[in-house]
Amino acid sequence: MTNPESERTNRIPEYPFLHDKIPVANGLEEFLTFAERYPDFTFCPYVAEKDAEGWDKSTSRAYMNQVLPHFLYVPVNVPKGDLASLRAFFVAVQERADIPAVNITQPHKSSPVLRELFLGDANSDANVDTLIRSEGKLEPYDLNSSAFVEWYKSDVGPFEDRPVMLVGVGGVGEPIAKKIAAEKPSSILLVDVADKTDFAAQLGATFQPTLSAILEAGLPENAVVINAAGKEGATNESELWELIKKGAANGTFVDIRPHLDIEIVEEAKRRGWRAYTGYGMNARNDYVLLQGIARQISGATPPSFEEFQQLVAAAS
């Protein structure tokens, strides 16, 4: 007699979302219900909070579902500030062997919940944006900042002896600032609406809450300006846009959002900047994640980095 469950499983293709975007699960219960429909698959939840437009623009949910058979990269929406739901989600996934990794982005990167559960200290200053299973346990990693610095040094140039200005020093910007400080720039200026005076002092950097003084004085030669404040900090009415319009001698501008085309980056190019999006950083980050996932799946072979880059470009 045939087993109906086996027949149903066999009808599921190796890549169920090769051509369609995988649906967004709203919280733990929807994720678990979705996972039940794919009993022979492994999963990497992608935990974030986005509105419908933000999720529609998300490219990783497209290319990450084209890389390994019987593997699904599942977007999971958890509202900002809902620490109880965030905790419940991570407690549940810790025990599931079919989840080799979890990717975490804003606003949940380095949440005190993550730090408590996976570092043992909610007040730790370590950054957590990825969990990868090792010897049965999900282990915390900070992949974003390393991916950014490695991409920049490889594709753009060194930070050493260059003045660096970082706009946005939150869950993404803070670990990037730490990595850049280790690269011996001539100076670091941090700009954020929140008071980052103490953090700046730890790095030997300076802090300003706005760009007003820089707009008045102008940027030094060879300046590197990095936007880690997202689209909110880069509208055409922002101080950053005005700064980009003023230009900088031999200046470099990076907006770390993971898209091929960003309006402020195109404006920077028109104004004479060497300007880049975070697309290159994003590909490196997710490839390291993919390698970690593949190590946990018997017989899994990820595409080469060059092939992976092509998938990322096609989705972008």
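The values are calculated or read from the model by the stated rules, or taken from the named source; none is laboratory data. Everything numeric in this text was worked out from a predicted model, so none of it was measured. Cβ: placed from backbone, ideal geometry, glycine included. Neighbour counts: every protein chain shown. Ligands, DNA and RNA are stripped out before the accessible areas are found, and what is left, the full protein with its side chains, is counted by its heavy atoms. Shrake-Rupley method; radii C 1.70, N 1.55, O 1.52, S 1.80 Å.
A few notes on this one:
- Dipole-positive endmost among G81, N250, V24 within the chain (Cβ charges, Cα centre): N250
- Antiparallel DSSP beta bridges within the chain, percent to nearest 5: 20 percent
- In segment 137-224, taking the dipole from charged Cβ atoms about the Cα centre, the farthest positive-side position among V149, V193, L219 is held by V149.
- Under 11 Å from a label point set 7 Å out along the Cα-to-Cβ vector of D125, the amide N atoms of segment 181-203 belong to 198-203.
- Per-residue ellipticity at 222 nm from helix content only, as computed over the chain with -39500 (n - 2.57) for each DSSP H run of at least four residues, stands at -11500 deg cm²/dmol.
- When only the Cβ of Lys, Arg, Asp and Glu is charged (+1, +1, -1, -1), the dipole of segment 74-169 relative to its Cα centre reaches about 280 debye.
- In whole angstrom, segment 155-239 maps to an equivalent ellipsoid with semi-axes of 18, 15, 13, each derived as √(5λ) from the alpha carbon gyration tensor and ordered largest first.
- The chain - charge dipole about Cα centre, Lys and Arg +1 at Cβ, Asp and Glu -1, debye rounded to 20: 400 debye
- For segment 164-316: lysine pairs under 22 Å (alpha-carbon distance), excluding those fewer than 8 apart on one chain: 9
- Rolled with a 1.4 Å probe across the full set of protein chains, the surface gives K178 an accessible area near 60 Å².
- With every protein chain in place, the chain: carbon and sulfur % of accessible area (1.4 Å): 47 percent
- Label-point separation in nm, E221 to Q94, each point 7 Å along Cα→Cβ: 5.5 nm
- Length released on extending from N26 to A313, taking residue separation times 0.36 nm less the Cα-Cα span: 100.6 nm
- Among residues other than S60 with Cβ under 14 Å from its Cβ, the summed charge is +3 (Lys and Arg +1, Asp and Glu -1).
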